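Asks: Quick one: the structure is below, questions incoming.
Values in this text are rule-based calculations from the coordinates and carry no lab data. These figures come from a predicted structure and were not determined experimentally. All Cβ positions, glycine included, derive from the backbone under ideal geometry; neighbour counts span all protein chains shown.
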Amino acid sequence: MCEGPSKPAYTAEDRNWHISAERFPYRRCERCGTLFIESLPADPGRHYATGYHPFDERGEPRWRTSPALLEAEAWRVRTLDAVGASGTLVDIGAGAGGFASAAKEGGFQVTAIEMDPDCCTWMTDTLGVQAICTDDPVAALGGLPPADVVTMWHVLEHIPEPAAVLSAAAGALRPGGVLAVAVPNPVSLQARLLGSRWAHLDAPRHVCLPSGRALRDWAAGSGLEPLLATTSDPSGRACAVHGWVYALGTPPANGAMFRARVLGGNAIAGALAPLERRGDHGAALTMMVRKAS
Ligand SMILES: [Zn+2]
């Protein structure tokens with residue numbers, strides 16, 4: 001992100017999905033704290049193969065029954081509204097449309113960019129949202145008219161060259177438009193304490209985790225005015241709980257052990273909340289910036 005010098009951080013395994021037994025060295029920028037994988041996996045798609053299924057057995061997206069996800073999306077829409085954003089909105093990496101749905105309800109005209117065909121079909125058929133199915137967001141943005149808002153919720157960390165996609169996103173805004181970004185926070189309390197065991201490292205799928213400082217410096221260098229940066233919004237707080245639950249080990253899908261881990265993780269998150277909700281210490285960072293008019 002800042003082209004600063006870096007040094008080895010640690011070597012991590014795929015603790016979340018166990019798709020391979022490979023070990024992945026990560027480095028940390030000594031100047032801005034950004035964390036990044038030393039070399040990309042040879043076949044990145046393989047490490048997504050058996051992972052997260054965004055739809056339940058009835059074909060409903062999981063966010064629809066998750067109060068934490070619904071609250072996180074509602075906060076994002078309220079906050080965009082509070083900074084005066086309205087009109088057309090492009091959501092990059094829209095997944096199963098949790099935010100797209102909330103934004104549409106909040107009055108935005110939403111276009112989704114998403115690489116998963118099932119997610120795109122669901123958003124088009126059920127939400128009535130235009131969904132562009134591609135793994136090349138830069139090309140997709142180039143084919144759209146200038147937008148009032150571009151959002152990237154937990155997308156950048158999957159992209160080897162985040163600065164290129166950020167620049168394309170800023171370039172896709174009309175003058176005065178708002179760019180909103182959320183990423184796992186590589187300088188968070190839990191990232192520092194848990195190291196390679198940190199759930200939001202998600203090796204090897206998260207290949208570059210830009211720090212708040214890196215994002216702020218990038219925005220300033222790109223002529224974007226800061227509007228908001230926080231690590232304690234509902235999404236950041238949910239990420240904190242998730243991080244502590246998984247710090248105790250990957251919980252089974254249900255049963256007594258699952259409940260014990262969730263209770264334990266919530267207890268740790270509650271005890272550390274006064275620290276985690278201060279400054280740049282939370283598990284995930286949300287930033288909004290405005291393009292000059
Ligand atoms: Zn850096």
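Asks: Please work out the Cα center distance from segment 211-236 to segment 1-52, rounded to the nearest Å.
Replies: 22 Å
Asks: Given N residues in segment 186-293, what is its alpha carbon radius of gyration divided by 2.2 N^0.38 Å?
Replies: For segment 186-293, the normalised Cα radius of gyration comes out at 1.20.
Asks: Relative contact order, percent, of the chain when contacts are C-alpha pairs under 8 Å separated by at least 6 residues?
Replies: Contact order relative to length: 20 percent.
Asks: Which FRET efficiency value, to the nearest 0.05, do you get for Asp56 and Ala267 by plugging their Cβ-Cβ distance into 1/(1 + (r/R0)^6) with R0 = 41 Å?
Replies: Calculated transfer efficiency: 0.90.
Asks: Moving on to the next point. Find the Cα radius of gyration of segment 49-124, compare it with 2.2 N^0.38 Å by division, and give the number to two decimals.
Replies: Ratio of Rg to 2.2 N^0.38 Å for segment 49-124: 1.12.
Asks: Now, a different point. Dipole of the chain (Lys/Arg Cβ +1, Asp/Glu Cβ -1, origin at the Cα centre): which of Gln190, Ala170, Ile132 lies farthest to the positive side?
Replies: Projecting each Cα onto the dipole axis, the largest value belongs to Gln190.
Asks: Same structure, new question: Based on alpha-carbon atoms only, what is the radius of gyration of segment 1-149 relative to the globular estimate 2.2 N^0.38 Å?
Replies: Segment 1-149 yields a ratio of 1.23.
Asks: Only counting other Cβ atoms within 10 Å, I'd like Tyr246, Tyr26, Tyr10, Tyr48 sorted with the fewest neighbours first.
Replies: Ranking Tyr246, Tyr26, Tyr10, Tyr48 by Cβ neighbours within 10 Å, fewest first, gives Tyr48, Tyr10, Tyr246, Tyr26.
Asks: How large is the Kirkwood hydrodynamic radius of segment 111-239, in angstrom, based on all distinct alpha carbon pairs? Before the final figure, lay out each step's value.
Replies: Details: mean 1/r = 0.0626 Å⁻¹.
16.0 Å is the Kirkwood radius here.
Asks: Also: Jot down the per residue volume, in cubic angstrom and as a whole number, of the convex hull over the alpha-carbon atoms of the chain.
Replies: That works out to 125 Å³ per residue.
Asks: For the residue pair Arg277 and Phe258, what label-to-label distance in nm results when each label sits 7 Å from Cα along the Cα-to-beta-carbon direction?
Replies: 2.9 nm
Asks: Now, a different point. Under a crude label model (7 Å from the Cα following the beta-carbon direction), how far is Glu71 from Lys7 in nanometres?
Replies: 4.0 nm
Asks: Could you order the peptides 216-227, 68-79 from most to least packed, using the average number of other C-beta atoms within 10 Å per residue?
Replies: Result, highest mean first: 68-79, 216-227.
Asks: Over the Cα atoms of segment 187-249, what Rg and Dmax result, in angstrom?
Replies: 13.6, 43
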